[in-house]
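Let me begin by presenting the structure, written as structure tokens, before commenting on it.
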Amino acid sequence: MYSKRQQERLTVICLVHSALVLGLLQSGAVGARRLRGGRSERRASLLPSAPHRQRGDTTTTESFALDFTAVEDNMDSFMTQVKNLAQSLYPCSAQKLDNDMKLHFLENMSVTCNDGTPPLNTRDILLFVGGWYCFNKENCDSRYETMRRLMSSSKWPQTKTGTGILSPLPEDNPHWWNANMVFIPYCSSDVWSGATPKTDQNDYAFMGSLIIKEVVKNLLSKGLDNGKILLLAGSSAGGTGVLLNVDAVSELLEELGHPNIQVRGLSDSGWFLDNKQYLCTDCVDTISCAPTEAIKRGIKYWGGVVPERCRLAHEGSEWNCFFGYRVYPTIRRPVFVVQWLFDEAQLTVDNIHLMGQPVQEGQWRYIQNLGIELRNTLKDVPAMFAPACLSHEVITRNYWIDIQVKGTSLPRALHCWERSLHDNSKNSKAPPKGCPMHLIDNCPWPHCNPTCPTIRDQVTGQEMNVIQFLMHMGFDVQKMAQQQGMDPSKLLGMLSSGS
């Protein structure tokens, strides 16, 4: 894990390329105006009171007045005021701190990575990462030779820099920049589900679910026992890991005598479909194997553990629990789902490759049907954010605050979700007014949302705008716009807003 100490406050941040658990301790709300790229947008920042302060700590804080006049003419001055305000609220941040996260290992040596090396040790909060998986000795051996960092902790760097929802900067992470964070590197290759140790008969350990439990136990002695909210977040395999473990973590905390800690989930790019491939191929490795067959083989090889309620619902075919739309109805704790409608990993395992040769008509229909299928599986999920983009993972990306669905950014939607859960705890069933949290694009093809991330041509490396990309896909946006008598960018904007 990666951690750092800030004066009397211990903040642990453990970062693993794709998955995350954010612990938001006692929280309040402060309104702030943020300007980005010439646009003005209202945002509210959650400012938790500094947790785990030592007894007898009499540190006093300065107070700063914010001058909102002529903000647009002097943005640097305004941001300086914001940082001064943050430093007055958090004395520890007034010093020059190393924002990088430091590596620590778990003390319990019986819980290990695939190769038997120890996973990280945590001090305060939790996060899981992704990175595909392997499902037999042959492709696990290959994975160990080519992607050892995903199976062993022996080469992990001593520090990690947090980005996206892990960023400590309020301009990059408006609502959780001051949360305690723990990032857990992925080294179990089992979608965070395994419970099998390494033995003389088994070349590899698969202990993803046990790593998560061990991290939570460590966190309790580091301050989590005083917390109120624990947000488990993850991307890709880590996002699926959130769905598989959010109830188990909550139940573990209850068993350990901490029923008041509210456990929530944030699943990013982990909502996969068990659909039929565009082209069926032999199940040789993770990429070529159909999603259902890979998981069927993997769950046996890993000794995979699935949520009890889902296991009972799919007894004898527990592999179903690795697919979001099947496991979600069995989950009791609140989960926010973030999913690209045209997820690159999903298209990869479906044998659809969008870069290179122009897309054929059959592929084009398959891609559009994929978007339709995903929309259908998400329609009953109350808290979700689904842009019509071709991409994979978002919450730890630097551009995560720029993506919008129907005018609402992902951080804003997550904040609305947090507000709704807070209001529900007060027996208020009405959702926050003007605060949407069920957001899904209506336009029918990849990157028809103008706020989608930039795409680069894999051959030339040059950036492609939306129109260039769709033309590469065989869709003539300009021709359609001309037929409608409008500008192409206006057409794309209308499609994105669902007009």
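The values are calculated or read from the model by the stated rules, or taken from the named source; none is laboratory data. The model shown is predicted, which means the values in this text are computed figures rather than measured ones. When we count neighbours, we look across all protein chains shown, and the Cβ atoms used for this are built from the backbone with ideal geometry, even at glycine. Calculation scope for accessible area: heavy atoms of the full protein, side chains included, ligands and nucleic acids excluded. Shrake-Rupley method; radii C 1.70, N 1.55, O 1.52, S 1.80 Å.
Note on segment 311-339: residues that are in contact with a helix residue (DSSP H, G or I) (Cβ under 9 Å, 6 or more places away or on another chain), free of Cβ contacts under 8 Å to residues at least 40 places away in the same chain and more than 28 Å from Arg419 (Cα to Cα) amount to 7.
Would it be correct to say that Thr286 is within 20 Å of His353 (Cβ to Cβ) and touching a Ser or Thr at 6+ places or on another chain (Cβ under 7 Å)? The answer is no for Thr286.
Checking Ser189, Ser142, Ser167, Ser152 one by one, the residue that is modelled with pLDDT under 90, closer than 23 Å to Tyr204 by Cβ, of a type in the set (Gly, Ala, Ser) and out of contact with any Gly (no Cβ under 6 Å at 6 or more places or on another chain) is Ser152 and no other. Out of segment 276-301, which residues are of a type in the set (S, T, N, Q), touching a Phe, Trp or Tyr at 6+ places or on another chain (Cβ under 8 Å) and more than 15 Å from Glu138 (Cβ to Cβ)? If the condition is that a residue be of a type in the set (S, T, N, Q), touching a Phe, Trp or Tyr at 6+ places or on another chain (Cβ under 8 Å) and more than 15 Å from Glu138 (Cβ to Cβ), then Thr292 is the only one that fits.
Against the numbered list (1) touching a Gly at 6+ places or on another chain (Cβ under 7 Å); (2) open to solvent by 10 Å² or more (accessible area, probe 1.4 Å); (3) assigned to a helix (DSSP H, G or I), Leu243 comes up short only at (2). Specify the residue that is nearest to the chain's Cα centre (by Cα); the eligible residues are those in segment 176-227 that are aromatic (Phe, Trp, Tyr) and open to solvent by 10 Å² or more (accessible area, probe 1.4 Å). Among those residues, the one meeting the criterion is Trp177. Given the conditions (1) surrounded by fewer than 23 Cβ atoms within 10 Å (Cβ to Cβ); (2) within 13 Å of the chain's Cα centre (by Cα), report the number of the one that Lys406 does not fulfil. Among (1) surrounded by fewer than 23 Cβ atoms within 10 Å (Cβ to Cβ); (2) within 13 Å of the chain's Cα centre (by Cα), the lone unmet condition for Lys406 is (2). Beta carbons closer than 9 Å, at least 6 apart along the sequence or on distinct chains, pair a first residue in segment 178-190 that is touching a residue at least 12 places away in the same chain (Cβ under 8 Å) with a second that is of a type in the set (D, E, K, R) and in a loop (DSSP other than H, G, I, E, B) for Asn180/Arg123; Asn180/Asp124; Met181/Asp124; Val182/Arg123; Val182/Asp124; Cys187/Asp115.
Okay, residues lined up against (1) in a loop (DSSP other than H, G, I, E, B); (2) polar (S, T, N, Q); (3) surrounded by 19 or more Cβ atoms within 10 Å (Cβ to Cβ):
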residue	(1), (2), (3)
Asp274	yes, no, no
Val284	yes, no, no
Ile295	no, no, yes
Arg311	no, no, no
Glu315	yes, no, no
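Among residues that are open to solvent by 60 Å² or more (accessible area, probe 1.4 Å), modelled with pLDDT of 90 or more and not acidic (Asp, Glu), Arg456 is not included. Filtered by the rule that a residue be in a loop (DSSP other than H, G, I, E, B) and over 22 Å from Leu224 (Cβ atoms), segment 154-186 gives Ser154, Lys155, Trp156, Pro157, Gln158, Thr161, Thr163, Leu169, Pro170, Glu171, Asp172, Pro174.
Assessment of segment 189-202 against the conditions (outside any strand (DSSP E or B), closer than 30 Å to His422 by Cα and of a type in the set (A, V, I, L, M)) yields no matching residue.
When segment 320-345 is examined, which residues are found to be buried (at least 22 other Cβ atoms within 10 Å of the Cβ), part of a helix (DSSP H, G or I) and not aliphatic (A, V, I, L, M)? Residues satisfying the conditions are Cys321, Phe322, Gly324.
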